[in-house]
């Protein structure tokens, strides 16, 4: 990626090179995590003119919608949740570029390019992908330095978390459920959650599965007997639902009250996003309550101030952490300060 006095050149994750006359002013994002990540790199919503409806839901359901209430008015009819673009609506938004998945069918990129709309194609799932997204967004916005700073914060926290948990002898088993109502979907190896679990010195209780969305039955869960269970923000299940479920009573995580709803900040903390370094800190403290880690709440506050230009209130930090919903779970009072 390069820029001179006028032109900005980026190469997307398909290997396609695009050139812009200067920093982009109008951007449509279709992948779900892209909207909030773009906002974080930009430091505002002024240049976001369209997004996936699921992206809008994540913004309005979380603290980002409170930081930027005007985001609720950004059109969300530019694509369906299947990522198929609504070319007519996108043309009406008059974007300089559309952010779209680049590792899926050409049916979701081709119609845009046929209409003469520049498309940046992205891949997703790893820390490397996350940093590439931030780098690309910084480049097209003319904010390379800010993008580099965000990436450096992640790298610094990777080292910090790794050093903090290296002193811990135990490796608790963690089961992350992407879905836990109407059946169970878990994350196995080759998933970002597996990366996060490994980073904090824990074991993935679904390690024999591959991918981020694999079906698992209650019998398999009982057999694995996870010590910690994480509930996703892509579902409605709360810890109290698992604690009350008769099928779960013999699982260690239920007996020991170690079921937790994953936080929801500027985006869902479950997948790779601009706040993944906060997710690692939270998860490390869940897995190792005695680890030598600084309090998380001040980090949430300083991160929000940097990424979004606003310091969340104590009530907003509680919302991010699902403090009420996680209150009955072991050790959660550690996040009150």
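For the chain, calculate the relative contact order in percent as a whole number, restricting contacts to Cα pairs under 8 Å that are 6 or more residues apart. Mind dumping the intermediate values first?
Working: 647 pairs, mean separation 53.2, N = 337.
Across the chain, relative contact order equals 16 percent.
Just to be sure I understand the curve: with the Debye formula and one point per C-alpha of the range 153-336, what is log10 I(q)/I(0) at q = 0.09, 0.15 Å⁻¹?
-0.29, -0.83
If I model a spin label as a point 7 Å beyond the Cα along the Cα-Cβ vector, how far apart are those points for residue 25 and residue 252 in nm?
According to this spin-label approximation, the distance is 5.9 nm.
Can you give the % of DSSP beta bridges in the range 2-144 that are antiparallel, to the nearest 5?
About 40 percent, rounded to the nearest 5.
Quick one: helix 144-165 against the long Cα principal axis of the chain, what's the angle to the nearest 10°, folded into 0 to 90?
For 144-165 against the chain, the angle is about 10 degrees.
Take every DSSP beta bridge whose two residues both sit in the range 138-269, then give the antiparallel share in percent to the nearest 5. Before the final figure, lay out each step's value.
Values: 6 of 16 bridges.
Restricted to the range 138-269, the bridges split so that about 40 percent are antiparallel.
How far, in degrees from 0 to 90, does helix 127-141 lean away from the longest principal axis of the Cα atoms of the chain, to the nearest 10?
With both axes taken from Cα atoms, the answer is about 30 degrees.
If I stretch the segment between residue 113 and residue 336 completely, what's the gain in nm (0.36 nm per residue apart, minus their alpha carbon distance), one decimal? If you can, show how the numbers build up before the last one.
Values: separation 223, 0.36 × 223 = 80.28 nm, distance 4.95 nm.
Taking residue 113 through residue 336 to full extension adds about 75.3 nm, to one decimal.
Return the distance in nm (one decimal) between the two label points of a simple spin-label model at residue 11 and residue 215, each offset 7 Å from Cα along Cα→Cβ.
Label-label distance for residue 11 and residue 215, simple model: 4.2 nm.
According to the Kirkwood expression over distinct Cα-Cα pairs, how big is the hydrodynamic radius of the range 70-190, in Å?
Working: mean 1/r = 0.0557 Å⁻¹.
After inverting the pairwise mean of 1/r, the radius is 18.0 Å.
Take residue 88 and residue 207, extend 7 Å from each Cα along the Cα→Cβ direction, and tell me the distance between the two endpoints in nm.
Using points 7 Å along Cα→Cβ, the separation is 5.3 nm.
Kindly rank 193-203, 299-309 from highest to lowest mean number of other beta carbons found within 10 Å of each residue.
Values: 193-203: 22.4, 299-309: 18.1.
Going from most to least packed, we get 193-203, 299-309.
If I fit a long axis through the Cα atoms of helix 276-287 and take the longest principal axis of the Cα atoms of the chain, what angle between them do I get, 0 to 90°, rounded to 10?
Roughly 0 degrees between the two axes.
With the calculation restricted to Cα positions, what are the radius of gyration and Dmax of the chain in angstrom?
Every Cα atom of the chain included, Rg and Dmax give 20.2, 65 Å.
What share of all Cα pairs of the range 2-144, in percent, falls into each consecutive 10 Å distance bin?
12, 46, 36, 6
Semi-axes of the equivalent ellipsoid for the range 159-212, please: Cα gyration tensor eigenvalues, times 5, square-rooted, ordered largest first, whole Å. Could the numbers behind the result be given before it?
Working: eigenvalues 109, 22, 16 Å².
Values for the range 159-212, descending: 23, 11, 9 Å.
Laboratory data are not the source of any read-out in this text; all were calculated from the coordinates shown. Here the structure is a predicted model, which is why all the values come from computation and not from measurement. Here Cβ is always computed from backbone atoms with ideal geometry, including for glycine, and neighbour counts include all displayed protein chains.
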